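Following: one structure in structure tokens, then a few remarks.
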Amino acid sequence: MEICNGDIEIRPLKEDDKYILAKWLSDPEVLQYYEGRDCPFTIEMVEEKFFVQSDEAFRYMFLFEGKEIGYVQYYPIEEEERSKYGYNHSNEEIYGTDQFIGEPDYWNRGVGTMLINALQKYLIGTLGVDRLVMDPMVWNERAIRCYEKCGYRKIKILPNNELHEGVWHDSWLVEYSPKQSRHGTIEERIKEGVKLREEGDIQASIDLFKNLIQDSPDNGRVQYQCAWSHDTLGKELEAIPYYKKALQLGLNEGELQGAYLGLGSTYRTLGKYENAKQVLRKGIERFPANNALKLFYSMTLHNLNEHSDAMEILLTLLAETSGDATIQSYRKAIMFYAGQLDKIWDQ
């Protein structure tokens with residue numbers, strides 16, 4: 001296997017990789033999360049663990065923007081682990097994965113999320129695996145958050161599951177199943193994606209919604225939220241197809257108003273003024289009480305040099321919605337002049 005997905009490359013281990021693995025696995029900052037600081041690796045230990053062992057694991061180097069930054073492996077879950085995890089009566093093809101980023105400068109940058117998403121796409125989309133599992137130690141909250149962003153769900157605690165730095169630690173069994181995403185957890189996942197966006201982790205929000213779209217391509221709400229997250233990150237051009245698909249698939253009334261406004265505003269910021277005018281006018285026809293649609297429509301008219309119509313809308317909105325006492329005292333006059341700003345009155 002060799003995966004190339006944008007800035008990500010996952011390639012099989014080469015003989016010379018033992019030196020960079022030994023560098024990573026003798027770094028205490030890395031070892032505190034992988035293998036343990038009481039177990040720094042020598043070249044010989046790396047050769048034994050990663051190049052000599054005869055098991056069914058497939059071992060790879062993880063590159064980002066052409067630079068080796070981490071290690072990943074995947075393997076079929078065998079009978080002993082199936083029993084421990086509770087899958088001994090399942091006929092599904094279940095794989096486990098392990099991974100670490102050996103360059104701390106790349107931590108907390110969303111790179112791990114990109115890696116997990118690429119693995120999911122390959123193992124489930126290409127190899128046809130039914131379910132993916134991992135068992136991170138319960139204290140490794142950063143890793144668990146990353147897995148949850150990618151659609152993994154906590155299943156159960158595995159007591160005394162891993163010996164780390166001389167102490168046995170409990171682990172979480174986490175699993176990813178696209179079937180589960182399709183059957184009952186979409187609403188929960190949408191809320192998670194919205195929360196990520198509101199907390200400022202916008203790329204993770206986009207990754208989550210893209211993942212959901214793979215599982216549920218006909219869900220308009222997911223398409224809409226994906227568009228919104230792209231817009232928030234300043235990726236207006238990429239947001240457009242998601243907005244259009246959401247409108248095509250159908251939304252509830254609140255989201256439908258947001259989609260009209262979002263798509264219209266996006267067209268406007270990209271200089272596609274006629275497209276913006278068409279979308280916003282359609283939204284106003286559908287929702288005549290939505291003043292935000294009218295406001296963005298007036299801005300679009302200004303861009304199209306239809307200044308009188310734009311000012312009429314703005315003045316009407318001002319007169320109808322302002323709570324300012326001085327403006328309200330002239331409300332009738334503002335409303336009267338709004339539609340005839342260019343008229344010169346006879347003396």
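General remarks:
- Residue satisfying condition, being farther than 17 Å from ASP215 by Cα and touching a Gly at 6+ places or on another chain (Cβ under 6 Å), within set VAL133, VAL138: VAL133
- Hits in the stretch 268-282 (condition: farther than 17 Å from GLN223 by Cβ and assigned to a helix (DSSP H, G or I)): ARG268, THR269, TYR273, GLU274, ASN275, ALA276, LYS277, GLN278, LEU280, ARG281, LYS282
- Which numbered condition GLY66 fails, given (1) under 23 Å from HIS164 (Cβ atoms); (2) in contact (Cβ under 8 Å) with a residue 40 or more places away in the chain; (3) of a type in the set (Gly, Ala, Ser): (1)
- Of GLY128, GLY112, all but one fail to be part of a loop (DSSP other than H, G, I, E, B) and not β-branched (Val, Ile, Thr); the exception is GLY128.
- Among the candidates GLU80, GLU92, GLU68, GLU148, residue that is over 19 Å from GLN203 (Cβ atoms), out of contact with any strand residue (DSSP E or B) (no Cβ under 6 Å at 6 or more places or on another chain) and in the same structural domain as LEU21 (by TED's automatic domain parsing): GLU80
- Only residues that are without any contact (Cβ under 8 Å) to a residue 12 or more places away in the chain, part of a helix (DSSP H, G or I) and not basic (Lys, Arg) were counted across the stretch 186-240, and they come to 4.
- Residue match in the stretch 314-321 (condition: surrounded by fewer than 15 Cβ atoms within 10 Å (Cβ to Cβ) and at pLDDT below 90): yes
- If the condition is being touching a Leu at 6+ places or on another chain (Cβ under 8 Å) and in contact (Cβ under 8 Å) with a residue 12 or more places away in the chain, then the stretch 22-34 contributes LEU25, TYR34.
- Subset of the stretch 2-42 [surrounded by fewer than 16 Cβ atoms within 10 Å (Cβ to Cβ), within 27 Å of ASN161 (Cα to Cα) and not charged (D, E, K, R)]: PRO28, GLN32, CYS39, PRO40, THR42
- Residue match in the stretch 267-279 (condition: within 21 Å of ILE240 (Cβ to Cβ), acidic (Asp, Glu) and surrounded by fewer than 18 Cβ atoms within 10 Å (Cβ to Cβ)): yes
- Any chance LYS154 is of a type in the set (Lys, Arg), closer than 21 Å to SER177 by Cα, buried (at least 20 other Cβ atoms within 10 Å of the Cβ) and at pLDDT below 90: no
- Extreme residue, modelled with the highest pLDDT, among residues of the stretch 238-273 that are among the charged types (D, E, K, R) and in contact with a Ser or Thr (Cβ under 9 Å, 6 or more places away or on another chain): LYS272
- Qualifying residue in the stretch 143-160 (condition: among the acidic types (Asp, Glu), free of Cβ contacts under 8 Å to residues at least 60 places away in the same chain and not in a helix (DSSP H, G or I)): no
- Top-ranked residue in the stretch 283-304 [being without any contact (Cβ under 8 Å) to a residue 12 or more places away in the chain and in a helix (DSSP H, G or I); ranked as surrounded by the most Cβ atoms within 10 Å (Cβ to Cβ)]: HIS302
The values are calculated or read from the model by the stated rules, or taken from the named source; none is laboratory data. Since we're looking at a predicted model, the values are computed, not measured. Because the Cβ atoms are built from the backbone with ideal geometry, glycine has one as well, and the counts that use them run over all protein chains shown.
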